[in-house]
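Peer 1: Structure below; questions to follow.
The values are calculated or read from the model by the stated rules, or taken from the named source; none is laboratory data. Quantities reported herein were computed from a predicted structural model and do not represent experimental measurements. Backbone-built Cβ (ideal geometry, glycine too); neighbour counts: all protein chains shown. Side chains are part of the model used for accessible areas, which takes the heavy atoms of the whole protein and leaves out ligands, DNA and RNA. Shrake-Rupley method; radii C 1.70, N 1.55, O 1.52, S 1.80 Å.
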Amino acid sequence: MKHLLALIILYLIMASLTFFVGSLPADSPLFTSTVLGFLMLASLFLGKVVGKAGLPLITGYLFCGMLFGPWGIELFSTEDVKRLGFINHLALALIALSAGAELKLGSIKKLLKKIIAISVSQMTIIFAGVSTTFYFIFQSGRFDIVPQGDIALYAAIILGVIATANSPSSVVAIIGELKAHGPVSQTVLSVSVIKDVFVIALFAFVVSFILSSSGGLVTVSAVETFGAIISETLLSMLAGTVIGTLVIAYLKRFRKEQLLFILGLAVVCSAISAFLHLNELLMCIMVGFIVRNFLEEGIAFEKWLEKGSTPIFVIFFSLAGASLDLNAFMEMWPAAIIYFAVRLATVWASTSAVAALCNEPEKIKKHLWSGFTPQAGVSLGLATIVAEQFPGWGEGLVILIMATIVINQIVGPIIFKFSLLACGEDGKDDYNK
Amino acid sequence: MLAILGLVIIITIGWLGSIYIFSKEKLPTSLRYLFFSGWEFILIGIAMGPYALDLFPLEIILQLDPLVHLGLGWVGLFIGLQLKWKDLNRLHPEHFLVTTLQSVFTGLLVAMVSWPILEHFFQINENTLPIAVTILAASAALSSPTVVFLLSRETGFKDEVIRLLQMITNLDGVISILAVGIGFTLLRPEAAGIKVLILISQPLIVGCALGYLFYLIPHKKLSENETLVVIIGFLLFSSGAGGMLQVSPLFLNMIIGIFLANSLPKNDPFYAAIINLEKPMYVVLLIISGLLFTVPGKGALLLAFAIITVRLGAKFFFISNIAPRIDPHLKFPPKTGLALASQGAMALVVGLAFLSSNPGTLAKNIFSVIVVCVMANEIIAPYLVSHVFKKAKQ
């Protein structure tokens, strides 16, 4: 109740400020700081309020961005969100470091076959299910999103690939919130992280294929693209291993200033990946993985990460909420609901099939699929490429993808949190036992 | 992406620096004193800035503004939190008077010297001149407790004089922030007649409202990480809001700090969290100051030299000659006033507050004068404090 009261007072102060100081240019650094501070506080308060209702904290952060952002009461604009975009780089690095630190070598060894099986199963079944459904929808001319004919096929293929993407950031946030550990959380995290690499590779391959088939401007062949992605992946992993080893060597000698250390590590990784054109996500995951698993006191590192990343996580998800295109949802909601439903069904089918084949316990069979429902960063990034690469019909498709991400990102974390609780994988439950 | 590169360098050096500053016992004494309070991070900032390596073009520096606002807010809040009514009541009124008057005395003398130099050597209009003088005087009037604290800890020297020095150095920042806050308000063009009262009450009302908002947050129900989110978010919000209302962020956050110091329970987790931010914030502020430094012209160098001399002379004279008249029981060893040489990050923050609210060539020049003064004072302060300690021991 106190959090709600604090949120209302904060909003009243912010609203009065924007009302009385209307003449201040929006690009003023003062306004940027005020918005940043407001978002951090309001997201935390709203997170606490929705947390009382049993919903994930990140749902509160996302709602905060949606409520006060450009698609809500417009306390700040799309331009303000873009101006704060530099935080996303930092946040991505921290999320990836946390994801890597969550991956335990022992568990991965145990779960490796299952991880591969689920990844393959999901990429096949989700891709096939979504592509086929939307091919027929587009061909029937319903919704009038893309033209019929070859383009309907291309658009359906793209939707199929993007549907296979997950949201490791949401998974990390939910696992962190519940301090969850167990087969479901470990498998979901491992598959989400590993599969995203393949999704990006598959997407690049598909885009090259469509461009070459449709007579578009192709600068490199599909094989070259694939080769480039493989080499980028390997180099990113190598760089991550080297940085991780250096971090271990450092941490063996010094243990001071954890907050600055973690932030410094995140920005160094982010800058190196940009400078060497590496995959930031993968490189940071490797760093986190190496340090967590090969440093004697890797658990301490995990705790540092948690401390350093909380402020960034709050603002990251809040900005993500502010970026969710609610206009797109309003425009395309019937098609988006179909996309969401087909994806949900195929995620369930592909995951449960593997769980059944592996003779998993009933709890896992029932709940494992839930962690693959959230979708955010990777899908948004791929959607942007669609708009760039396929002018003319790509824009309509992007609106559909954005609208579906809105649903997936709101519903996904909630389903996953309740599933983890149902499996008894929340740290609290374990502690009580 | 450039902003990220900027952040990389600042945070990495800040992190390494904070380790280095507080653990350089292995260096020989003379060298350790030279880099005692970490002023060299200003040099590192200068080295990375537009005058040397140019790793930070202007657009990156502009994007780092939230970091400046965070620093301003943190310092204001930190100072305000020390003003707990119950603790202040325990101080001798005479000591309090000595602290206040030495600060005012130094500030006035520096203002008197700065005014003609600014008028003569700087292209400055008559509206801006009083603001610039107030900023220079406020930054010169205060002194930093770091050198006194570190040296007394290192030497194990405990004496009444150290307690007094610590009290003075902890509290004279308040006078400067007050001067900046009230100065900012009074020098606003619309400040005339009854409106002055409204303008002065504005930061007090906003500060108390924000303080109450912070008070409302159930701190004990937050995890350590969430407390950090609240503090960072709150400082950014209050500093930004203060700036938007044309109120000094430093002053506004000090009001908030005073409100909280007198309303939050002693064991509130918020105190520990804000203290934990001290070292990283200190180093980051020094580096940012170096980045924003512009090479001073002849006039600026002259002004810096005049301020350094007058400031030290004023502090020395006041403690030696005036303070004993205020409280005859005060028995300061000779030259005790010299131990107030250090200015620390506080003085830089006063300059940053000016630069942040009045970006322009004049503000950059004024800020650079403050940076030069701080560097010079930080170099000599450890030797002077050590000398005063020796005299006190005798």
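Peer 1: Give just the number: which of (1) under 25 Å from B:A363 (Cβ atoms); (2) within 11 Å of chain A (Cβ to nearest Cβ); (3) touching a residue at least 60 places away in the same chain (Cβ under 8 Å) does B:L245 not satisfy?
Peer 2: (3)
Peer 1: Exactly one condition in (1) farther than 17 Å from A:F203 by Cβ; (2) buried (at least 16 other Cβ atoms within 10 Å of the Cβ) is false for A:E362; which is it?
Peer 2: Every condition holds for A:E362 apart from (2).
Peer 1: Follow-up. Across the range B:248-294, what is the number of residues that are within 27 Å of B:I205 (Cα to Cα), free of Cβ contacts under 8 Å to residues at least 60 places away in the same chain and not hydroxyl-bearing (S, T, Y)?
Peer 2: 10
Peer 1: OK, next. Being open to solvent by less than 40 Å² (accessible area, probe 1.4 Å), more than 10 Å from chain A (Cβ to nearest Cβ) and either outside any loop (DSSP other than H, G, I, E, B) or modelled with pLDDT under 75 (or both) narrows it down to one residue among B:H95, B:H69; which is it? Outline the logic, then answer.
Peer 2: Values: B:H69 fails: more than 10 Å from chain A (Cβ to nearest Cβ).
After ruling out the rest, the residue left standing is B:H95.
Peer 1: From the list A:E79, A:E74, exactly one residue is more than 12 Å from chain B (Cβ to nearest Cβ), open to solvent by 20 Å² or more (accessible area, probe 1.4 Å) and on the phi > 0 side of the Ramachandran plot. Which is it? Steps first, please.
Peer 2: Details: A:E79 fails: on the phi > 0 side of the Ramachandran plot.
Step by step, each of A:E79, A:E74 is checked, and only A:E74 is more than 12 Å from chain B (Cβ to nearest Cβ), open to solvent by 20 Å² or more (accessible area, probe 1.4 Å) and on the phi > 0 side of the Ramachandran plot.
Peer 1: Now a separate question. Considering only the range B:255-336, give the helices (runs of 4 or more DSSP H) lying wholly within it that have at least 1 residues that are of a type outside the set (G, A, S), at pLDDT 90 or above and at negative phi. Before you say what the answer is, go through the steps one by one.
Peer 2: Numbers: elements: B:269-276, B:278-291, B:298-317, B:323-326.
Of the helices (runs of 4 or more DSSP H) lying wholly inside the range B:255-336, those with at least 1 residues that are of a type outside the set (G, A, S), at pLDDT 90 or above and at negative phi span B:298-317.
Peer 1: For the range B:224-254, give me the residue count where each residue is over 22 Å from A:Y61 (Cβ atoms), out of contact with any His (no Cβ under 8 Å at 6 or more places or on another chain) and assigned to a helix (DSSP H, G or I).
Peer 2: So the answer is 7.
Peer 1: Of the conditions (1) in a helix (DSSP H, G or I); (2) within 14 Å of another protein chain (Cβ to nearest Cβ), A:H277 fails just one. Which one is it?
Peer 2: Unmet for A:H277, out of (1) in a helix (DSSP H, G or I); (2) within 14 Å of another protein chain (Cβ to nearest Cβ): (1).
Peer 1: Check the range A:153-162 and report whether any residue there is hydroxyl-bearing (S, T, Y) and farther than 23 Å from A:H367 by Cβ. Reasoning before the result, please.
Peer 2: Let us first name the residues in the range A:153-162 that are hydroxyl-bearing (S, T, Y), namely A:154.
Then keep just the ones that are farther than 23 Å from A:H367 by Cβ; that gives A:154.
Within the range A:153-162, one or more residues are hydroxyl-bearing (S, T, Y) and farther than 23 Å from A:H367 by Cβ.
Peer 1: Also, quick follow-up: Restricting to the range B:210-223, what's the tally of residues that are in a helix (DSSP H, G or I) and either buried (at least 19 other Cβ atoms within 10 Å of the Cβ) or more than 7 Å from every other protein chain (Cβ to nearest Cβ) (or both)?
Peer 2: We begin by selecting, within the range B:210-223, every residue in a helix (DSSP H, G or I); these are B:210-216, B:219-221.
If we keep only those that are either buried (at least 19 other Cβ atoms within 10 Å of the Cβ) or more than 7 Å from every other protein chain (Cβ to nearest Cβ) (or both) too, we end up with B:210-215, B:219-221.
So the count comes out to 9.
Peer 1: Return yes or no: is A:V50 without any contact (Cβ under 8 Å) to a residue 60 or more places away in the chain, more than 10 Å from every other protein chain (Cβ to nearest Cβ) and either crowded, with 22+ Cβ neighbours inside 10 Å or part of a helix (DSSP H, G or I) (or both)?
Peer 2: On the way: without any contact (Cβ under 8 Å) to a residue 60 or more places away in the chain: yes; more than 10 Å from every other protein chain (Cβ to nearest Cβ): yes; either crowded, with 22+ Cβ neighbours inside 10 Å or part of a helix (DSSP H, G or I) (or both): yes.
So A:V50 fits the description; yes.
Peer 1: Test B:V229 against the stated conditions and say whether it is surrounded by 17 or more Cβ atoms within 10 Å (Cβ to Cβ) and either in contact (Cβ under 8 Å) with a residue 60 or more places away in the chain or within 22 Å of the chain's Cα centre (by Cα) (or both).
Peer 2: Details: surrounded by 17 or more Cβ atoms within 10 Å (Cβ to Cβ): yes; either in contact (Cβ under 8 Å) with a residue 60 or more places away in the chain or within 22 Å of the chain's Cα centre (by Cα) (or both): no.
So B:V229 fails the test.
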